[in-house]
Amino acid sequence: MSAPSLRPGRDDDAAGFIALIEACWSEFPGCILDVDGELPELRALATYFAEAGGMLWAAEQEGRIVGMAATRPMQHDQAWEICKVYVAKECRGTGLAHRLLDTAERHARAQGAQRLVLWTDTRFEAAHRFYEKRGFVRQGSIRILDDISNSLEFRYAKPLVGLVVEALDAAAAASAEGTLTRLLVDCVADGASLTWLPPLPPATAQAYWKSVSSQVALGKAVLLVAWLEGEMVGTVQLVLDTPQNQPHVAEVQKLMVRPEARRRGVGRALMRRVEQTMRGIGRRMLILDTRKGSAAAQLYRSMGWTELGTIPGFELGPDRSPADVVYFWKAVAG
């Protein structure tokens, strides 16, 4: 059987689009597709998106619609919305969903989009994992739809262009756990000074990020992440759970950048945002530690951090030999 081909969607694909969406919804109890009552645009979907300034694509295999995706501009923030992403059950796991989303993202980028937004039913858990793998994170409140399916929807979003650093709230942090798990495993495997020694089991990394999400929810930590051209490639934490007599202090932990994204300013951008965050919350002293001689140590020195001292052999390096750890501090102006 030949691979599905992608082409612009047409109004005369209506029957195929409706059949695809109905089949996908039928996998979830209570999801009812009422075309004429609630989604009449499906009768002429290409025209609907064209009139909105957007675009629609169909994935066709041997004359049958097996996938679809669309995008359209929003009215604020130079954002575009990703819409109507569906893949037939037998085509899942083949990369078709990635091809469809790649196509929609490229089109939005070419039209000047700075950010992508989408809504997905709270019941579509496999879709959530797919979007999270693509760098999207949960944002904002759940949307309640007044429809016969009693739908509730999560909002997902991500920056699309350039290098962007943002703080994640608890819901966003939880939605990013899968991507952050892969990031941590890869950085430990690359020899980074991050508490663990390689190989780091993914289950251990995931448990760690679950604990971080909890700390964010409790207001005890700030989690910053960096996207580079739409891909989440770095992170750092600001730990606020300090002793009672140190309310002005915060500790920087777990600065990491995906190996293939290094030397592109990601670590520096994350650390700049750390300082901005400190000013915003009224704290004025930062502390951190890292392996002596590491690229991270060079970065901190170049950004004006003061070296406090070194503890010889304080940790083990990736080869299990003793490694020195150096401590830094920095005062942050209010």
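Identify the residue in the range 224-249 that is part of a loop (DSSP other than H, G, I, E, B) and under 15 Å from the mean Cα position of the chain (by Cα) and, among all such residues, is surrounded by the fewest Cβ atoms within 10 Å (Cβ to Cβ). Let's see the steps before the verdict.
Within the range 224-249, the first condition is being part of a loop (DSSP other than H, G, I, E, B), and the residues that meet it are 229-230, 240-248.
In the following step, the residues that additionally are under 15 Å from the mean Cα position of the chain (by Cα) were identified as 229-230.
Working: E229: 16, G230: 21.
Out of the qualifying residues, it is E229.
If you go through the range 255-264 and pick out every residue that is within 17 Å of M232 (Cβ to Cβ) and surrounded by fewer than 19 Cβ atoms within 10 Å (Cβ to Cβ), you end up with 4. Restricting the range 1-53 to residues that are hydrophobic (A, V, I, L, M, F, W, C) and in contact with a Gly (Cβ under 7 Å, 6 or more places away or on another chain), the residue that is surrounded by the most Cβ atoms within 10 Å (Cβ to Cβ) is L45.
So which of G93, G112, G37, G30 ends up being of a type outside the set (S, T, Y) and touching a Ser or Thr at 6+ places or on another chain (Cβ under 8 Å)?
Numbers: G93 fails: touching a Ser or Thr at 6+ places or on another chain (Cβ under 8 Å); G112 fails: touching a Ser or Thr at 6+ places or on another chain (Cβ under 8 Å); G37 fails: touching a Ser or Thr at 6+ places or on another chain (Cβ under 8 Å).
Criteria check complete, one pass: G30.
Inside the range 154-195, can you point out the residues that are in a strand (DSSP E or B) and either farther than 21 Å from I142 by Cβ or charged (D, E, K, R) (or both)? So that I can check it myself, show each step before the final result.
Applying the first criterion (in a strand (DSSP E or B)) to the range 154-195 yields 154-159, 163-168, 194.
R155, K158, P159, L163, V164, V165, E166, L194, listed by residue number.
All of (1) assigned by TED's automatic domain parsing to the domain that holds R283; (2) crowded, with 20+ Cβ neighbours inside 10 Å hold for F154 with one exception: (1). Checked against the criterion of being out of contact with any helix residue (DSSP H, G or I) (no Cβ under 9 Å at 6 or more places or on another chain), surrounded by fewer than 13 Cβ atoms within 10 Å (Cβ to Cβ) and closer than 22 Å to Q276 by Cβ, the candidates G309, G313, G304 yield just one match: G304.
Taking the options A203, A250, A217, A207, name whichever one is in contact with a strand residue (DSSP E or B) (Cβ under 7 Å, 6 or more places away or on another chain) and either in the same structural domain as D169 (by TED's automatic domain parsing) or at pLDDT 95 or above (or both).
A250 is the lone residue from the list that is in contact with a strand residue (DSSP E or B) (Cβ under 7 Å, 6 or more places away or on another chain) and either in the same structural domain as D169 (by TED's automatic domain parsing) or at pLDDT 95 or above (or both).
Only one entry in V274, V257 is in contact with a Gly (Cβ under 7 Å, 6 or more places away or on another chain), assigned by TED's automatic domain parsing to the domain that holds L224 and of a type in the set (A, V, I, L, M, F, W, C), namely V257.
Looking at the structure I just gave you, is V252 surrounded by 13 or more Cβ atoms within 10 Å (Cβ to Cβ) and touching a Ser or Thr at 6+ places or on another chain (Cβ under 9 Å)?
Numbers: surrounded by 13 or more Cβ atoms within 10 Å (Cβ to Cβ): yes; touching a Ser or Thr at 6+ places or on another chain (Cβ under 9 Å): no.
For V252, the condition - surrounded by 13 or more Cβ atoms within 10 Å (Cβ to Cβ) and touching a Ser or Thr at 6+ places or on another chain (Cβ under 9 Å) - is not met.
For the range 12-37, the tally of residues that are over 29 Å from the mean Cα position of the chain (by Cα) and under 14 Å from K84 (Cβ atoms) stands at 7.
Considering only residues of the range 118-150 that are of a type in the set (A, V, I, L, M) and within 17 Å of D169 (Cα to Cα), which is surrounded by the most Cβ atoms within 10 Å (Cβ to Cβ)?
Restricting attention to the range 118-150, the residues satisfying the condition of being of a type in the set (A, V, I, L, M) are 118, 126-127, 137, 142, 144-145, 148.
Next cut, within 17 Å of D169 (Cα to Cα) only: 137, 142.
Working: V137: 23, I142: 12.
The residue in question is V137.
The values are calculated or read from the model by the stated rules, or taken from the named source; none is laboratory data. The model shown is predicted, which means the values in this text are computed figures rather than measured ones. Heads up, the Cβs are rebuilt from the backbone with ideal geometry, glycines too, and the neighbour counts pull from every protein chain shown.
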